[in-house]
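To start, the structure itself, in structure tokens.
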Amino acid sequence: MTGPLPAGRLLLVRHGQSEANVALRLDSLPPGAPLTGDGQEQARVLVETLADTPVSAVLASRATRAQQTAAPLAAALGLDVEVVDGVQETFVGDLEGRAGWPVLEEYDRAYGQWFAGSPGVRPPGGESGTEVLDRYLPVVAHLRARLEADPQRSVVLVSHGAAIRWVTTSVSDVPAAFAVSTHLANTELVVLAPVGAQGWVCERYGPHVPPFRAVDTTVAPPV
């Protein structure tokens, strides 16, 4: 991504690489694992990526990795990181703290059903897609109000891959088949533009721009 992004956008950023990412460990409960050295470098590169984009606020979830990702950007802009509830990763329940591809695939079976039209499904002991939206969407609505009050600048929210993908397909024109099959890498972002009274249009999803079509068959683990 090069050049400034348009003003008045909600920028949903996945956190940088964490120690749990490297270990393939499910880590959905805050505060969670910190960033690795590579993750810290990704956070510094994010500052460069958004250097020419007007930003009024930088927010992050309660997770350590999200706040560590947001901190260099906020500092460069002369802002404080606003830590908010409700935008943490999707809770994986009994799978929390377990590692390895079989564990990730077990979670994927529940997560994928949300995009197939069954948001009430949950991993054992975990959170349903409906519950994720119930806590996350009020924050999105609040940030939309902030954008409408200051449309010349954008708002950055550092959150988590699985949650961002689910929320994006729930509020915007991104097809479920695309979001469930398309991984957001560490510090990649989703650009949402408000339209109409309450709607959103997705202008960028990681490196992808409309029209959005499924590009792979993997579901990213929520860590």
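Site pair residue 195 and residue 105 shows an inter-label distance of 3.9 nm when each label is modelled 7 Å from Cα along Cα→Cβ.
Result for the chain in a Gaussian network model with C-alpha springs under 10 Å: among 158, 87, 132, the largest mean-square fluctuation is at 132.
With a cut-off of 12 Å between beta carbons, the residues surrounding residue 97 carry a summed charge of -1, where Lys and Arg count +1 and Asp and Glu -1. Enter the Cα centre distance for the pair the range 81-135 and the range 1-45, rounded to the nearest angstrom. Using only Cα atoms, the two centres lie 18 Å from each other. Considering only 208, 183, 142, the Gaussian network model of the chain with Cα springs below 10 Å gives its largest mean-square fluctuation to 142. Can you tell which of 186, 100, 208 lies farthest toward the positive end of the dipole of the chain, using +1 and -1 charges on the Cβ of basic and acidic side chains (Lys, Arg; Asp, Glu)? Checking the options against the dipole of the chain, the answer is 208. For the range 10-205, the relative contact order is 29 percent, taking Cα pairs closer than 8 Å that sit 6 or more residues apart in sequence and dividing their mean separation by the residue count.
Remark: the chain carries a charge dipole of roughly 260 debye about the Cα centre, counting +1 on each Lys and Arg Cβ and -1 on each Asp and Glu Cβ. Extending 7 Å from Cα along the Cβ direction at residue 96 and again at residue 145 yields two label points whose distance is 3.0 nm. Is the range 63-126 rounded, prolate or oblate when judged by the Cα gyration tensor, a ≥ b ≥ c being the square roots of its eigenvalues, rounded requiring a/c under 1.5 and prolate requiring a/b larger than b/c? It comes out prolate by the Cα gyration axes. Compared with the direct C-alpha span, the chain from residue 62 to residue 7 gains 17.2 nm at full extension, assuming 0.36 nm per residue. Subtracting the Cα-Cα distance of residue 47 and residue 173 from 0.36 nm times their residue separation leaves 42.6 nm of extension gain. Plugging the Kirkwood radius over Cα pairs into Stokes-Einstein for the range 10-205, at a temperature of 25 °C and a viscosity of 0.890 mPa s, what D comes out in µm²/s? Reported coefficient: 146 µm²/s. Label reach from residue 116 (point 7 Å along Cα→C-beta): in the range 145-182, amide nitrogens under 16 Å belong to 176-182.
Over all other residues within a Cβ to Cβ distance under 9 Å of residue 85, the charged ones net out to +2, with Lys and Arg as +1 and Asp and Glu as -1.
Values in this text are rule-based calculations from the coordinates and carry no lab data. Keep in mind the model is a prediction, meaning the values are calculated, not measured. Using ideal geometry, Cβ is built from the backbone for each residue, glycine included, and neighbour counts are taken over all protein chains shown.
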